[in-house]
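Values quoted throughout were computed directly from the atomic coordinates according to the rules given, and no laboratory measurement underlies them. In this text, all values refer to a predicted model and were calculated from it rather than measured experimentally. Here the Cβ positions follow ideal geometry from the backbone for every residue, glycine too, while neighbour counts run over all protein chains shown.
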Amino acid sequence: MNVPLDIAALGARAAAMIEELAAISATPDGLTRFFLTPEHRRAADLVAGWMREADLGVSEDALGTVRGHWHPAGPDAPRLLIGSHIDTVANAGKYDGTLGVILCIIALDEIRKAGLTKPFGVDILAFGDEEGTRFPTTLSASAAVAGIFAPASLVTRDAEGISYGEALIAYGKNPDDIPAAAYDPNKVIAYIEAHIEQGPVLEAEGEPLGVVTAIAGASRLSVTVTGEAGHAGTVPMSMRRDALLGAAEMALAAERIAKADAHGMVATVGRVHVEPGSVNVIPSRVVFTVDLRSGSDLSRREALERFEREAHRIADLRHLGVVISAFHEVATVPCFRDLQLRLRNAIADLGHRAPTMPSGAGHDGQAMSKLCPIGMLFVRCRGGISHNPAEYAAPQDMGLAAAALVRFIERFQLPQLSEATGGVET
């Protein structure tokens, strides 16, 4: 059966829920909602209330992840997991993470009201530590669900000196219960996440929804360039060993390498420290960072090798020293091809073409991929702006996203997972 859908009504409902959740903030003039804070507690309670209004079963695990349960085939049937996160960065936008949770609640409510039954269950997951803004951790809530939580996280501390473990106890949880948060991988079908794109591609394509091919892998480098300080007025240009000019040329090399890649690679130099930092002294030492992301681990590794060669070539030509060290490495997480196809078909049923693209941002799907196959649905956001109060998704686009989730779930059949093909086969 096709569940009847009113796109405009679905979008209006999502917009109202977005505003209600955005009102829960630690600051009165913006949106800030960190993990395991009173604001997280209030947001989790609101989400749980929405789940109950949708006639879903509700539970909460040891890390505060709120779970909504729809089990038409009974509690022992396999589960399709859907969801996103409800924590935010400081001075955040309203849609990042929270939209995905809201869309899932709306979609399951529509399915339940239509009387649809399936031979599997669906659990909505509202995670709380995707952004990593309070503690020097990230994805710990979804990691617990996936069975890969790192106990060392519990001793990390926030800016006020409160440990993760202490905050968890203050939130009313017992760290000893964390292992029980993990799903049995034999009973999980897949994980699907809806999220604003956080980029400008869908807007440029003129399409409201897209399908993610992979969550890009990321490498972060610290590059130290050494030259020689000298008087800005007396050392001839041909005799200078200017560390900043060498660093600038290396930064442009990173840009060229990324632009030449065929896998949507992006390169960012986000931090630069210059010494001695005087207006009339030639820079003698520069430390800068390179953030390199790609939907292909192979292309990312090759790009890193090219950058290292280029950096040393530039240093040799300019008589500079250069040291490159990696301080962050995350592998690409592919979205299963069959899940991509199912999402694209659901969107096509609504009369839209679904562009495919990698996600340059990290998501809970990275942790969930250790448990099961993952898929992601992107929703167009105005100007590609995210992590910013100007973040915005139109009600019509949100309504289409909720409808796409309904179509995806109602047509979903129990699959057999095939690692050999990199996809899900029925």
Going Cα to Cα from Lys118, which lysines come in below 16 Å? Please leave out same-chain ones fewer than 8 positions away.
Lys187
Within the range 288-327, what residues put their amide N at less than 15 Å from the label point 7 Å along the Cα-to-Cβ vector of Ala152?
327
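Taking the radius of gyration and the Kirkwood hydrodynamic radius from Cα positions alone, what is the Rg/Rh ratio for the chain, to two decimal places?
Numbers: Rg = 23.7 Å, Rh = 23.0 Å.
Rg/Rh: 1.03.
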If the chain between Ser325 and Ser222 were fully stretched, how many nm would it gain, using 0.36 nm times the residue separation less the Cα-Cα distance?
36.5 nm
Please compute the Cα-Cα pair-distance distribution of the range 1-154 with 10 Å bins starting at 0, giving whole percents from short to long.
11, 40, 33, 14, 2
On a C-alpha basis, how far is the centre of the range 18-79 from the centre of the range 303-340 in Å? Whole number, if you could?
39
Largest-first principal axis extents of the Cα set of the range 253-299 (Å)
43, 14, 13
Which one, Ile189, Ile169, Val266, is farthest towards the positive end of the dipole of the chain when Lys and Arg carry +1 and Asp and Glu -1 on their Cβ?
Val266
Under 12 Å, Cβ to Cβ, from Ala348 - net charge with Lys/Arg +1 and Asp/Glu -1
+3
Tell me which trypsin sites (Lys or Arg not before Pro) from the range 248-344 have a DSSP coil assignment and no more than 15 other beta carbons within 10 Å of their own.
Arg271
Shape call for the range 217-330, from the Cα gyration tensor axes a ≥ b ≥ c (a/c under 1.5 means rounded, otherwise prolate when a/b beats b/c, else oblate), comes out prolate
Specify the inter-centroid distance of the range 241-267 and the range 359-390, based on alpha-carbon positions, in whole Å.
26
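Starting from the alpha-carbon convex hull of the range 103-261, give the projected area averaged over all orientations, in nm². Spell out each step's value before the answer.
Values: hull surface 71.1 nm².
Its Cα hull, projected and averaged over all orientations, spans 17.8 nm².
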So what is the relative contact order of the chain, in percent, for Cα pairs below 8 Å that sit 6 or more residues apart?
23
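Report the local net charge at Gly83: Lys and Arg +1, Asp and Glu -1, summed over other residues whose C-beta lies under 11 Å from its C-beta. Intermediate values should be presented prior to the final figure.
Details: positive: Arg67; negative: Asp123, Glu130, Glu193, Asp364.
So the surrounding residues net to -3.
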Can you tell which of His273, His352, His85 shows the greatest fluctuation in a Gaussian network model of the chain with Cα springs below 10 Å?
His273
